[in-house]
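Written out below as structure tokens is the structure these notes cover.
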Amino acid sequence: MSNPIKVLYTAEATAEGGREGHARTSDGRLDVDLDVPTEMGGAGGPGTNPEQLFATGYAACFQSALLRTAATRKLDLTGSRITARVGIGPVPAGGFGLAVTLNLDAPSIGPTQAAQLMEAAHQLCPYSRATRGNIDVTLTVAGAAIERAA
């Protein structure tokens, strides 16, 4: 990596049994059973799955970047929500890949401002930085895709 970071916090989690197992963080704050969704040929048991966990983390991280960006522009995003949808499926080269959609619901601002905030947050969010160039991420506002420069 050409720009090493100064690590401020490290999360640690251990999984056993893969997608049909159990995962727990070292501090015990997250302790979950894992199950494969029926759409992927699993039993669809009561446990969560890696895509749900990734969606939760990405949504929270992205909204923090969005709120920081809005604050610098003196915009009020009270009541706003980010919904992350993480899809998984086969890729032509073999194996599986992910696709993400991040949707902003922000009733207190217009769609143009919302789209600008989404673009700016996408540059700041650590999850967006980590996934850039690796998976398709679609940004939407109220369900409508944002036109992005290539």
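The values are calculated or read from the model by the stated rules, or taken from the named source; none is laboratory data. Computed from a predicted structure; not experimentally measured. Cβ: placed from backbone, ideal geometry, glycine included. Neighbour counts: every protein chain shown. Ligands, DNA and RNA are excluded from the accessible area calculation, which covers all protein heavy atoms including side chains. Shrake-Rupley method; radii C 1.70, N 1.55, O 1.52, S 1.80 Å.
The stretch 124-147 and the stretch 20-72 have Cα centres separated by 17 Å. Here the relative contact order of the stretch 1-56, from alpha carbon pairs under 8 Å that lie six or more residues apart, stands at 21 percent.
Helix content alone sets the calculated 222 nm mean residue ellipticity of the chain: runs of n ≥ 4 DSSP H residues at -39500 (n - 2.57) each, divided across all residues, give -9500 deg cm²/dmol.
By accessible area, using a 1.4 Å probe on protein heavy atoms only, the stretch 1-133 has 55% of its surface on carbon and sulfur. Accessible area per residue for the stretch 5-150, computed on protein heavy atoms with a 1.4 Å probe, is 63 Å².
Take the alpha carbon gyration tensor of the stretch 67-150, find the square roots of its eigenvalues, order them as a ≥ b ≥ c, and report rounded if a/c is under 1.5; if not, report prolate when a/b exceeds b/c, else oblate. It is prolate, given that a/c is not under 1.5 and a/b is the larger ratio.
Across the stretch 51-150, C-alpha contacts under 8 Å between residues 6 or more apart give a mean separation that, scaled by the residue count, equals a relative contact order of 30 percent. Applying 0.36 nm per residue to the separation of Ala99 and Asp76 and subtracting their alpha-carbon distance, the gain on full extension is 5.3 nm.
Can you tell me how the stretch 1-45 classifies by the Cα gyration tensor, rounded, prolate or oblate, using a/c under 1.5 as the rounded cut? It comes out oblate by the Cα gyration axes.
Compute the FRET efficiency between Val36 and Ile5 as 1/(1 + (r/R0)^6), taking r as their Cβ-Cβ distance and R0 = 35 Å, and round to the nearest 0.05. Intermediate values should be presented prior to the final figure.
Working: r = 34 Å, r/R0 = 0.96.
Efficiency, rounded to the nearest 0.05: 0.55.
With a/c under 1.5 counting as rounded, go ahead and sort the chain into rounded, prolate or oblate using the C-alpha gyration tensor (a ≥ b ≥ c being the square roots of the eigenvalues; past the cut-off, prolate if a/b is larger than b/c, else oblate).
Working: a/c = 1.75, a/b = 1.53, b/c = 1.15.
Because a/c hits 1.5 or more and a/b exceeds b/c, the chain counts as prolate.
With respect to the chain, whose longest principal axis is taken over its alpha-carbon atoms, helix 50-72 is tilted by about 20°.
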